[in-house]
Amino acid sequence: MDEMKETILQLYQQHHSGKENAISRKDFMAKYSWSFPGGSTLKTIRWGLFNMTDRDFRRIYSQLPIVTCEKGGFYPIRPSEIEEFREYMWKKAIPHFERFNRVRDAHYPELTGDIDQLELFYRGR
């Protein structure tokens, strides 16, 4: 898997540096794979000797110093791109946190607002 990580990182560094060169995950997989059966990102693709699903790719991608914007992923080359990535991620994090609160409140309303209880709840998991 380390060889695959290095290969993906090199492709981003060489061909998708800077926000102007961002590429969607689906397009990246299609462009750099040997085959892309059925055009679906959920199917296995071939990277040389590697077979990889979309889930495998996302798992590797999340470990790389690659950032995301509305257009796709890219290797950042400017400090402003890192700041924009932070803002982009923050906008996505708030809805997740709000959803967590709704689920928590629906199932364990007694945990709402009680930080000590919430910490005990998570330590017990």
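Out of all the residues in the stretch 79-125, which are modelled with pLDDT of 95 or more and touching a helix residue (DSSP H, G or I) at 6+ places or on another chain (Cβ under 8 Å)?
GLU81, GLU84
Any chance the stretch 81-104 includes a residue that's among the small types (Gly, Ala, Ser) and either surrounded by 12 or more Cβ atoms within 10 Å (Cβ to Cβ) or not in a helix (DSSP H, G or I) (or both)? No. Filtered by the rule that a residue be more than 11 Å from CYS69 (Cβ to Cβ) and free of Cβ contacts under 8 Å to residues at least 60 places away in the same chain, the stretch 10-20 gives GLN10, LEU11, GLN14, HIS15, HIS16. I'd like to know if the stretch 10-23 contains one or more residues that are touching a Cys at 6+ places or on another chain (Cβ under 8 Å), at pLDDT 90 or above and not small (Gly, Ala, Ser). Within the stretch 10-23 (the criterion being touching a Cys at 6+ places or on another chain (Cβ under 8 Å), at pLDDT 90 or above and not small (Gly, Ala, Ser)), the answer is yes, since at least one residue qualifies.
The values are calculated or read from the model by the stated rules, or taken from the named source; none is laboratory data. Remember, predicted model here, so these are calculated numbers, not experimental data. FYI the Cβ positions are ideal-geometry reconstructions off the backbone, even for glycines, and counts take in every protein chain you see.
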